[in-house]
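The values are calculated or read from the model by the stated rules, or taken from the named source; none is laboratory data. Keep in mind it's a predicted model, so treat the numbers as computed, not measured. All Cβ positions, glycine included, derive from the backbone under ideal geometry; neighbour counts span all protein chains shown.
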Amino acid sequence: MSKHNVFNTIVAARRVYDLQMTRLLSIAFLTAMLLASCARQGSLTGGVRDTTPPAIDSLRSTPNLQTRFKDRAIKLFFNEWVTLNDVRNQVLISPPLATFPQIELKNKSVTLTFDEKEQLRDSTTYTINFGEAVKDLHEGNAAKDLRFVFSTGDQLDSLSLRGNVADAFKGEGIEKVTVLCYDVFGDSVIQKERPYYFAKTDKNGQFAIRNMRAGTFKIVAIEENLANLKWEGRDERIAFQREPISVSADSQAVLTLRMFKENAPLRLLEQQKNRFGYLKLGYSSRPENIALSSNDSAAVFVTEVLPDSLLIWYNRSSSEAWELYAGKDTVAIKSLDRDAFFEKYKFQPADAAAAPTSSRRAASTPIGLTPGAAPAPPTNPLRAITQNPGRPAMIRFNSPALQFDTSKWLLTLDSLPFRAFKVGADSLQPRMVRLDLAWKPGGIYQLTLFPGALTDIYGIGTQDTFKYQLNVTGEKQLGGLNVELENLVPGQSYIFQLLNGTTIEQERSFKAEAGSKRFEFRSLPTAAYSYQVIIDDNANGRWDTGNYYQKIQPEQIFNKKGEAIRANWELEAVFAVPK
């Protein structure tokens, strides 16, 4: 081999050696860095989160499920460090104690100590449910189903009672409701005594009372404000089982309690009476069937009932002070300037321009403008209304209308006068005027109300001309629905409501003549409707709440979601009312 070849071979070998050494040094450096990182003090990041809840160390804890229990303290050891959370609300002890026990935390243990004056009942099984009061220190995992049960007698009671609490109107489960179980049955016991057992509902409204003895119990559920295991009256919602429930080894009952808030007794709370011709009376509940009279026999009244108030429009010829008798209440009304009111008042649609110049007193400058300012927009523009062909047109005025001169109503379709219509005030909303006719789907109607078309309670007629364009929805934008109600009880009164979201699209009140009834709805906007049936026990045409002391349950409501109604389509549906 030549010297030149030998030299090249040595150089190549040197390069391979250097490359291998570089690799070895890199590996050694990375290994050293990793070892240094492992040795460094601090919190590690990443990895799988600990989701295991703390568990009881039974060998070191006070034994669970004891009989003839006489200890004054219960000590629970856990397999890891723990913390306490909201013990006053999370820890439930049934039967309830006279004094809430002291609960202390130390390292991995929780100690519950009874008050020195606490007297446990003889031959009674106690259940201490810790809820989510005990959690691990780092991740906050709550101890699962942590319960301590003991008996002061010779045996542990093992029966249970389950159920759910739901809103009586909405049907939704209610969380954190207190379910009370009494072994005495007087009506007032829920306001005077503590229950024998109790439990709390979960987020779905479900509850379970465990380790019960056999017997018959009164069941009530309350939504507590004061957390004192007593009903505070109408300020707290309530639900109750109509009859006592028997608990035994053979009983499999699952209770359904419907929670409601009682109506307050009807009381007059507020009076607004500073305007001639109108007053508003505020009540504690819905003011229905209130008879009106006064010491002025010539006074005329029109009323509108709202959920918590009564609106009253009146007309009388005098401005002197007078008295109105609303049921058992006397409302004293001071002297009000009648002429001043009528000088400013104008009968017109509710959406008309506010406070236009009165025809009784001319003004050089319209109210709201200054000389030289831009003219106000027209007070009586053309008003466009989208009209459902299956409904009457509704126009709201600022006062109830009592008289209608249809000769001053001009309704045209395709420029041709249309006279086949009826006009009148709505029976429940007297400020609302109804225009009833068989609308042509897709038609465009023009309505003109000339001066004097309507006259209100004060004897004042409309003074201006009001124009409306009613655009009737076409058939291709609407659908139909036929609903067959089944499982009806003949002679029972019902209310059927067709709901579009939370809006009542249509409503029917009826008394069942047979086990089924069919309703047909036409010209419905396309939507996914739901059906609601109210068992109208008192046949008053609306849902009524319950009353505990009168033993009246809230009226039952049943709901069902329907299929979506498509345009130009007729849907058949069946709703079997649950028994």
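General remarks:
- Single match in 169, 150, 130 (criterion: over 35 Å from the mean Cα position of the chain (by Cα) and hydrophobic (A, V, I, L, M, F, W, C)): 150
- Pairing each residue of the range 81-100 that is in contact (Cβ under 8 Å) with a residue 60 or more places away in the chain with any residue that is crowded, with 17+ Cβ neighbours inside 10 Å and assigned to a loop (DSSP other than H, G, I, E, B), provided the two are 6+ apart or on different chains, yields C-beta distances under 6 Å for 82/54; 95/196.
- All told, residue 164 falls short of being modelled with pLDDT under 95, of a type outside the set (Gly, Ala, Ser) and in contact with a strand residue (DSSP E or B) (Cβ under 6 Å, 6 or more places away or on another chain).
- Matching entry among 494, 458 (being of a type in the set (Phe, Trp, Tyr), assigned by TED's automatic domain parsing to the domain that holds residue 415 and touching a residue at least 24 places away in the same chain (Cβ under 8 Å)): 458
- Strands (runs of 3 or more DSSP E) contained entirely in the range 228-310, each with at least 3 residues that are in contact with a Leu (Cβ under 7 Å, 6 or more places away or on another chain) and under 30 Å from residue 431 (Cβ atoms): 268-275, 278-283, 300-306
- Cβ separations smaller than 6 Å between residues 6+ apart or across chains give the following pairs from the range 550-579 residues that are closer than 19 Å to residue 529 by Cα and part of a strand (DSSP E or B) to residues that are at pLDDT below 95 and among the β-branched types (Val, Ile, Thr): 571/565.
- Residue, nearest to residue 179 (Cα to Cα), within the range 81-92, restricted to residues that are of a type outside the set (S, T, N, Q) and surrounded by fewer than 17 Cβ atoms within 10 Å (Cβ to Cβ): 88
- Filter result for residue 159 (touching a residue at least 60 places away in the same chain (Cβ under 8 Å), surrounded by fewer than 20 Cβ atoms within 10 Å (Cβ to Cβ) and aliphatic (A, V, I, L, M)): yes
- In summary, strands (runs of 3 or more DSSP E) completely within the range 173-223 and bearing 3 or more residues that are touching a Lys or Arg at 6+ places or on another chain (Cβ under 9 Å) and of a type in the set (A, V, I, L, M, F, W, C) occur at 178-182, 206-212.
- Among the candidates 507, 520, residue that is assigned to a strand (DSSP E or B), surrounded by 14 or more Cβ atoms within 10 Å (Cβ to Cβ) and of a type outside the set (Lys, Arg): 507
- Pairing each residue of the range 279-302 that is outside the structural domain of residue 398 (by TED's automatic domain parsing) with any residue that is loosely packed, with under 15 Cβ neighbours inside 10 Å and hydroxyl-bearing (Ser, Thr, Tyr), provided the two are 6+ apart or on different chains, yields C-beta distances under 6 Å for 293/325.
- Tallying residues that are under 18 Å from residue 272 (Cα atoms) and charged (D, E, K, R) within the range 287-315 yields 2.
- Residue within the range 105-116 that is touching a helix residue (DSSP H, G or I) at 6+ places or on another chain (Cβ under 8 Å), outside the structural domain of residue 201 (by TED's automatic domain parsing) and modelled with pLDDT of 95 or more present: no
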